1. Tell me, please, whether a residue that is under 23 Å from residue 44 (Cα atoms), polar (S, T, N, Q) and not in a helix (DSSP H, G or I) can be found in segment 90-99.
2. Would you mind stating whether residue 14 is modelled with pLDDT of 90 or more and under 25 Å from residue 128 (Cβ atoms)?
3. For segment 29-50, name all the residues that are of a type in the set (Phe, Trp, Tyr) and more than 12 Å from residue 114 (Cβ to Cβ).
4. For segment 134-152: of the residues being within 23 Å of the chain's Cα centre (by Cα) and closer than 18 Å to residue 118 by Cβ, which is surrounded by the most Cβ atoms within 10 Å (Cβ to Cβ)?
5. Going by what's in this entry, would residue 103 be described as at pLDDT below 85 and in a helix (DSSP H, G or I)?
6. Tell me, please, whether a residue that is crowded, with 16+ Cβ neighbours inside 10 Å, within 27 Å of residue 131 (Cβ to Cβ) and acidic (Asp, Glu) can be found in segment 21-36.
Amino acid sequence: MNNMLSQNGVINIVFKQNGWIHQELPFLTDVTWARVTVILINLWVGIPFTIMQITGILQNVPAELYEAAELDGAGWWQRFMNVTMPYIIFVMTPYLITTFTGNINNFNVIYLLTKGGPASSKVNSAGGTDLLITWLYKLTVDQQNYNAGAVIGILTFIVLAVVALITYRNSGSYKNEEGFR
């Protein structure tokens, strides 16, 4: 993807040959373009797995719930909002928490695509697309600033652990482990 999105990459060449653009798009050299590019590629990587999860969950929604809602006179929208969505949220809460934590620590997409760049003027050592984890890598591996790296790593763990625990403890998945209400 890095090569395809570069100034002389396949995407820019195809866009120019088809007359869609007149100059190369700065996918990886402009901070805003790089951020949008990273987000789109991360979505491209993550959405298929999430859709597979949701498809599996939808196949396991108890048919009795739909039948009961239909007998009570619920329309398709009421069945969706009162049966399908609560069931999906109930089952997916642990997955969503894990995905959130994984995206905060998503080293591979950022580092392999942009290496945290392009440079940002706000923080000297952090690039325009750096997340805490890629910034931590730069601090420790590139700059040998192990003290700051350790503090950032520990604080990241504490914040993510607290957010995950609070979210999970307040979810229906934790409160009613035995089944869907």
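1. no
2. No.
3. 44, 49
4. 134
5. So residue 103 fits the description; yes.
6. Yes, that holds for at least one residue.
Results for (1) touching a residue at least 40 places away in the same chain (Cβ under 8 Å); (2) in contact with a helix residue (DSSP H, G or I) (Cβ under 8 Å, 6 or more places away or on another chain); (3) acidic (Asp, Glu), shown as yes or no for each residue.
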| residue | (1), (2), (3) |
| --- | --- |
| 11 | no, no, no |
| 22 | no, yes, no |
| 26 | no, yes, no |
| 33 | no, no, no |
| 37 | yes, yes, no |
| 51 | no, no, no |
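So that you can scan it fast, the table gives a plain yes or no per residue for (1) in contact (Cβ under 8 Å) with a residue 12 or more places away in the chain; (2) in contact with an Asp or Glu (Cβ under 8 Å, 6 or more places away or on another chain); (3) farther than 22 Å from residue 33 by Cβ; (4) β-branched (Val, Ile, Thr):
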| position | (1), (2), (3), (4) |
| --- | --- |
| 118 | yes, yes, no, no |
| 128 | yes, no, no, no |
| 137 | yes, no, yes, no |
| 144 | no, no, yes, no |
| 147 | no, no, yes, no |
| 153 | yes, no, yes, no |
| 157 | no, no, yes, no |
| 162 | no, no, yes, yes |
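The values are calculated or read from the model by the stated rules, or taken from the named source; none is laboratory data. Only a predicted model underlies this, so the values are computations on that prediction, with no experimental measurement involved. Note that each Cβ is placed from the backbone with ideal geometry, even for glycine, and that neighbours are counted across all protein chains shown.
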